[in-house]
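In what follows, a single structure is set out as structure tokens and then discussed.
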Amino acid sequence: MQVLKFLVVDDASFIRDLLKKQLRDAYPGAQITDVPSAVRAQVALKTQNFDLILCDWEMPEMSGEEFLLWLRAHPQHATMPFIMVTSRGERDFIIKAVQAGVSDYLGKPFKPEMLINKVNKVLRAAGKDLSPGGQSSGGATQGIAGSSVAALTGRPLPAASPSPAAVLPAAFQIGAAAAPSPARNNNKMVARGQAQLHFAQFNTQCVIKDISLQTMSGIIKRETHLPTIFEPVVISIVAAEGESVARLNGYVHGVQSAENRIDASVLKVTIRFVDDDPVKLDHLSRYIEKL
């Protein structure tokens, strides 16, 4: 296999490290450059070319969409393969990316095989000579909210997960219209809000127990798939008005049973946020101030 050169663009160092590891595992000897912003990516492109760019959408200074439009406007970069790797999997975002000239689209979080299938597909379309023993390109794989460009063919998006009241035991249920107010001076479980957690293999609703700009802890129903330590997750926090506060990236920092029995149906999870986007942090800060 020829030596491949990748450019990874994401403001979250955790995501960059994750992408670099999975690319190195799949393409031994590949040269991988990672930068925390699209502005830094522009600088890198002044001195070297890349076989593929993997880029986040929501970043400070310049978004992934703006970077892609800049790239396509320059003849020397106009045909460079570009995969948008982002937590924004909504149809409107996919359409914007396609209109801007994206090669493919992958939603966070993702399993390694999802990433490598996309990369192989795009590289082969660009005429790159991958070894026969390499990863198979396979079919397009869906991430959260219809992450593939194939979603534009009209295939319906995944159905929304049920509300927390439908999946959590009664002791942790909260009503949308009458959530209990925070009580810091007792030991009872108090809901601080709701969120949807998007893992690579499943989605689940979470009742937030505590939240800061760095971490969130909460209660989830035990599913067929259990979250694991360091597993990437996308967090969609829901405000009291029913609107999404922000779509945040994070990883699982801790998992434990919420019940004192081996077949516990409820788990406590702790998640660390990894975004370094001032806009997202501002939304999260204003949400916390209202609690």
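Can you tell me how many residues in the range 217-235 are within 24 Å of residue 88 (Cβ to Cβ) and modelled with pLDDT of 90 or more?
Adding up the residues that qualify gives 9.
Could you check how many residues of the range 1-35 are touching a residue at least 24 places away in the same chain (Cβ under 8 Å), more than 14 Å from the chain's Cα centre (by Cα) and not in a strand (DSSP E or B)?
So the first thing to find is which residues in the range 1-35 are touching a residue at least 24 places away in the same chain (Cβ under 8 Å), and the list is 1-15, 18-19, 22-23, 25-27, 29-35.
Next cut, more than 14 Å from the chain's Cα centre (by Cα) only: 1-8, 22-23, 25-27, 29-35.
Going one step further and asking which of them are not in a strand (DSSP E or B), we end up with 1-4, 22-23, 25-27, 29-30.
The total comes to 11.
Write out, first by first residue and then by second, each pair whose Cβ atoms fall under 8 Å of each other, whose residues are 6+ apart or on separate chains, and whose first residue, in the range 274-287, is outside the structural domain of residue 62 (by TED's automatic domain parsing) while the second is assigned to a helix (DSSP H, G or I).
Between residues of the range 274-287 that are outside the structural domain of residue 62 (by TED's automatic domain parsing) and residues that are assigned to a helix (DSSP H, G or I), the close pairs are 274/13; 274/14; 274/15; 275/281; 276/13.
Only residues that are more than 22 Å from residue 96 (Cβ to Cβ) and crowded, with 17+ Cβ neighbours inside 10 Å: list them for the range 46-60, please.
50, 51
Being part of a strand (DSSP E or B) and small (Gly, Ala, Ser) is the filter; apply it to the range 234-291 and report the residue that is nearest to residue 208 (Cα to Cα). Steps first, answer last, please.
So in the range 234-291, the residues part of a strand (DSSP E or B) come out as 234-238, 244-257, 266-273.
Cutting the leftovers down to small (Gly, Ala, Ser) gives us 236, 244, 246, 250, 254, 257.
On the way: 236: 11, 244: 14, 246: 15, 250: 15, 254: 14, 257: 15 Å.
In this case the residue turns out to be 236.
Looking for whichever is at pLDDT 50 or above, small (Gly, Ala, Ser) and part of a loop (DSSP other than H, G, I, E, B) here; the options are 159, 140, 78. Which one fits?
Working: 159 fails: at pLDDT 50 or above; 140 fails: at pLDDT 50 or above.
Being at pLDDT 50 or above, small (Gly, Ala, Ser) and part of a loop (DSSP other than H, G, I, E, B) holds for just one of 159, 140, 78, which is 78.
I'd like to check something: does the range 235-242 contain any residue that is closer than 22 Å to residue 106 by Cα, touching a residue at least 12 places away in the same chain (Cβ under 8 Å) and hydrophobic (A, V, I, L, M, F, W, C)?
So in the range 235-242, the residues closer than 22 Å to residue 106 by Cα come out as 235-237.
If we keep only those that are touching a residue at least 12 places away in the same chain (Cβ under 8 Å) as well, we get 235-237.
Keeping just the survivors that are hydrophobic (A, V, I, L, M, F, W, C) gives 235, 237.
Checked the range 235-242: at least one residue is closer than 22 Å to residue 106 by Cα, touching a residue at least 12 places away in the same chain (Cβ under 8 Å) and hydrophobic (A, V, I, L, M, F, W, C).
So, in the range 1-36, how many residues would count as being of a type in the set (Gly, Ala, Ser) and in contact with a Phe, Trp or Tyr (Cβ under 7 Å, 6 or more places away or on another chain)? I'd like the intermediate steps shown before the answer.
Taking the range 1-36 first, the residues of a type in the set (Gly, Ala, Ser) are 12-13, 26, 29-30.
With in contact with a Phe, Trp or Tyr (Cβ under 7 Å, 6 or more places away or on another chain) added as a condition, the list becomes 30.
Residues in the range 1-36 being of a type in the set (Gly, Ala, Ser) and in contact with a Phe, Trp or Tyr (Cβ under 7 Å, 6 or more places away or on another chain): 1 in total.
Of the residues 204, 224, only one is of a type in the set (Val, Ile, Thr) and assigned to a loop (DSSP other than H, G, I, E, B); which?
It is 224.
Here are some residues: 33, 47. Which one is hydroxyl-bearing (Ser, Thr, Tyr) and modelled with pLDDT under 95? Before you say what the answer is, go through the steps one by one.
Details: 33 fails: modelled with pLDDT under 95.
Matching residue, one of 33, 47: 47.
Output yes when any residue across the range 56-64 is assigned by TED's automatic domain parsing to the domain that holds residue 123, in contact with a strand residue (DSSP E or B) (Cβ under 6 Å, 6 or more places away or on another chain), within 26 Å of residue 198 (Cβ to Cβ) and in a strand (DSSP E or B), and no when none is.
Just the residues of the range 56-64 that are assigned by TED's automatic domain parsing to the domain that holds residue 123, to begin with: 56-64.
Right, trim to in contact with a strand residue (DSSP E or B) (Cβ under 6 Å, 6 or more places away or on another chain) and you get 56-57, 64.
Now drop any that are not within 26 Å of residue 198 (Cβ to Cβ), which leaves 56-57, 64.
From what is left, the residues that are in a strand (DSSP E or B) are none.
Checked the range 56-64: no residue is assigned by TED's automatic domain parsing to the domain that holds residue 123, in contact with a strand residue (DSSP E or B) (Cβ under 6 Å, 6 or more places away or on another chain), within 26 Å of residue 198 (Cβ to Cβ) and in a strand (DSSP E or B).
Does residue 102 fit the bill of being surrounded by 21 or more Cβ atoms within 10 Å (Cβ to Cβ), farther than 25 Å from residue 231 by Cβ, touching a residue at least 12 places away in the same chain (Cβ under 8 Å) and not assigned by TED's automatic domain parsing to the domain that holds residue 280?
Details: surrounded by 21 or more Cβ atoms within 10 Å (Cβ to Cβ): yes; farther than 25 Å from residue 231 by Cβ: yes; touching a residue at least 12 places away in the same chain (Cβ under 8 Å): yes; not assigned by TED's automatic domain parsing to the domain that holds residue 280: yes.
So residue 102 passes the test.
The values are calculated or read from the model by the stated rules, or taken from the named source; none is laboratory data. As the structure is a computational prediction, the values presented were derived from the model and not from experiment. Don't worry about glycine lacking a Cβ; one is built from the backbone with ideal geometry, like all the others, and counts go over all protein chains shown.
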